[in-house]
1. Starting from the Cα of residue 117, step 7 Å along the direction of its Cβ; do the same at residue 152; then give the gap between the two resulting points in nm.
2. Where the Cα atoms of region 139-212 are projected onto their three principal axes, how long is each span, largest first, in whole Å?
3. What ranking do 149, 200 get, fewest neighbouring Cβ atoms within 10 angstrom at the top?
4. Run the quick spin-label model on residue 90 and residue 196: label points 7 Å from Cα toward the beta carbon, then report their separation in nm to one decimal.
5. Mind grabbing the base-10 log of I(q)/I(0) for region 76-136 at q = 0.13, 0.19 Å⁻¹? Debye formula, identical points on the C-alpha positions, no solvent, two decimal places.
């Protein structure tokens, strides 16, 4: 055999893998993938998916926002006091928090709650939920109180006096939180005893729950307002 034939035989197997072509396989893959991508796009833009997305968009505004239930978003939430407690354990300290919250609708309905948790936000949320469950009706006449009242709870002593329109709330932050949540705008208040936040709030709530209007007193005595005016 001549040297040219030997060189042709040696070159033939080297050219064979090039003919089987990984390049042809790679060129066929995008051609096969293109119809699949087109099918996916066509399926995503189909009438069924369009109807589903339309239903979801139409249904989303009907959902009530979080925190808006029967009470509604008109409730006023006031954080009166947040306390931090540290427990010393092996390896460091563990902190926990407690929050005193007052909730009212500014229309004669108010309540207070106390919550404890390892985070401030969770403690406030628990206190708010407890205050909403403990809401009670109080007497509010012309944005003020019907009469003067004195109340004690523990070491806290509270005096509340009605005031003329335009006076405003002359009270400390703890008493003010309860009065504002109840819808009282003109009051003169004084704390005479302990400054403990929980006791002051409870004394204020107790004072407002003991108040009664003139009509309520006369109806309890079996009389009417007209009879009193005539006398």
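1. Here the modelled spin labels are 3.7 nm apart.
2. Each principal axis gives a Cα extent; for region 139-212 these are 31, 23, 18 Å.
3. The order, fewest Cβ neighbours first, is 149, 200.
4. Those two pseudo-labels are separated by 3.5 nm.
5. -0.37, -0.62
Read the figures in this text as sums done on the coordinates, not as results from a lab. Just so we're clear, the structure is a prediction, and the values are computed from it rather than from any experiment. Neighbour counts run over all protein chains shown; Cβ positions are idealised from the backbone, glycine included.
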